[in-house]
1. Any idea which of 132, 127, 111, 147 is surrounded by fewer than 19 Cβ atoms within 10 Å (Cβ to Cβ) and polar (S, T, N, Q)?
2. Please state which one of 74, 84 is among the acidic types (Asp, Glu) and at pLDDT 90 or above.
3. Of (1) of a type outside the set (Phe, Trp, Tyr); (2) surrounded by 18 or more Cβ atoms within 10 Å (Cβ to Cβ); (3) in contact with a Phe, Trp or Tyr (Cβ under 9 Å, 6 or more places away or on another chain); (4) over 28 Å from residue 264 (Cα atoms), residue 64 satisfies all except one. Which?
4. Find the residue count for the range 173-194, including only residues that are in contact with a Ser or Thr (Cβ under 6 Å, 6 or more places away or on another chain) and charged (D, E, K, R).
5. Quick one: which residue in 38, 94, 67 is modelled with pLDDT of 85 or more and out of contact with any Cys (no Cβ under 7 Å at 6 or more places or on another chain)?
6. For residue 207, state whether it is in contact with a Ser or Thr (Cβ under 7 Å, 6 or more places away or on another chain), free of Cβ contacts under 8 Å to residues at least 24 places away in the same chain and buried (at least 20 other Cβ atoms within 10 Å of the Cβ).
7. Residues to consider are 93, 72; find the one that is surrounded by fewer than 19 Cβ atoms within 10 Å (Cβ to Cβ) and touching a helix residue (DSSP H, G or I) at 6+ places or on another chain (Cβ under 8 Å).
Amino acid sequence: MFDVVSFGSAVIDIFVGTDLSEKKNFISYPVGAKILIKDLKFDIGGGGTNTAVAFSRFSLRTGCICKIGSGEQENDILKLLKKEKVIFLGKQEKEKSGYSIILDSKEKSRTILTYKGINDEISLDDTEKFKTKWLYYSSLLGQSFQTQIKLANSLKKQGAKLAFNPSSYLIKSKNILPLLKLSDILILNKQEAQMLTKKKQNLLTELHKLTKGIVVVTDKDKKIQAYDGKKKYSLMPHKIKVVERTGAGDAFASGFVAGQIANKTIQQSLVLALKESESVIRHFGAKNNLLKMRLK
């Protein structure tokens, strides 16, 4: 029996650092120009592996459902999961894996170009049978999204709980209501919350109408808010030096869910989530500075 199984993407992250500055919320690359890369790094990312490693470092028995290719870099994903004591419940095939190119600005913000590859081609036949107390879903499209719905319906009947962290592209392209109705925890940033509710105000109450579970809304370095249908909670992030923001959302979400798995209060879970995300953005890489502690 797993404490939690994370179902999401596994990708190779390519970090591209330049001296380009942001202008009016854009990082502009002039057409026809040759731009020198200041820094180039490779790492393993994706919502599935990021959160699985985070859960495991909280000493939770963790599984990970994802699909990867069979190259040398893809084998590094399996080695990482094994090293982090995460049980791989997905499948490896001779196809193209997922890749993300992270374009960092001088101000430490970033734009991410993602190639999903076979991440969006996961069927129920690609997953091993398992039992778990919690499911954690990050965004997948295509066949994988349909598999997430089928698996959630099946495991919810067995008593499992579901945490869901949909991205903006998933909200735009899919009807996610079937998963929202099954979710015990829904975590979004403010932009995603507005996109989902089509509202600018009262986001917590509007989101709660869709899911009936705990809703959490982050807003970068502004107030974090949560609502369980009875009481509203909030927490302010600290002013810290940001090295790289990639993985902050996954770290926050997994920290909050881990707190709930360990029977902490909502406020305590927010504090743990913030601590986890702020630890990650102080260093390069989505996993390199995840917290290690025993919650149970």
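The values are calculated or read from the model by the stated rules, or taken from the named source; none is laboratory data. Since the structure is predicted, the reported quantities are computational estimates derived from the model, not experimental observations. Don't worry about glycine lacking a Cβ; one is built from the backbone with ideal geometry, like all the others, and counts go over all protein chains shown.
1. On the way: 132 fails: surrounded by fewer than 19 Cβ atoms within 10 Å (Cβ to Cβ); 127 fails: surrounded by fewer than 19 Cβ atoms within 10 Å (Cβ to Cβ); 147 fails: surrounded by fewer than 19 Cβ atoms within 10 Å (Cβ to Cβ).
After ruling out the rest, the residue left standing is 111.
2. Working: 74 fails: at pLDDT 90 or above.
On inspection, the qualifying residue turns out to be 84.
3. Of (1) of a type outside the set (Phe, Trp, Tyr); (2) surrounded by 18 or more Cβ atoms within 10 Å (Cβ to Cβ); (3) in contact with a Phe, Trp or Tyr (Cβ under 9 Å, 6 or more places away or on another chain); (4) over 28 Å from residue 264 (Cα atoms), only one is false for residue 64: (4).
4. Quick first cut of the range 173-194, residues in contact with a Ser or Thr (Cβ under 6 Å, 6 or more places away or on another chain) only: 180, 183, 186, 189, 192.
So of that shortlist, the ones also charged (D, E, K, R) come out as 192.
The number of residues fulfilling the criteria is 1.
5. On the way: 38 fails: modelled with pLDDT of 85 or more; 94 fails: modelled with pLDDT of 85 or more.
Step by step, each of 38, 94, 67 is checked, and only 67 is modelled with pLDDT of 85 or more and out of contact with any Cys (no Cβ under 7 Å at 6 or more places or on another chain).
6. Values: in contact with a Ser or Thr (Cβ under 7 Å, 6 or more places away or on another chain): yes; free of Cβ contacts under 8 Å to residues at least 24 places away in the same chain: yes; buried (at least 20 other Cβ atoms within 10 Å of the Cβ): yes.
Against the criterion (in contact with a Ser or Thr (Cβ under 7 Å, 6 or more places away or on another chain), free of Cβ contacts under 8 Å to residues at least 24 places away in the same chain and buried (at least 20 other Cβ atoms within 10 Å of the Cβ)), residue 207 qualifies.
7. Working: 72 fails: touching a helix residue (DSSP H, G or I) at 6+ places or on another chain (Cβ under 8 Å).
Answer to the check: 93.
Residue by residue, here is whether (1) assigned to a helix (DSSP H, G or I); (2) more than 20 Å from the chain's Cα centre (by Cα) holds:
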residue	(1), (2)
73	yes, yes
82	yes, no
94	no, yes
111	no, no
119	yes, no
136	no, no
145	yes, no
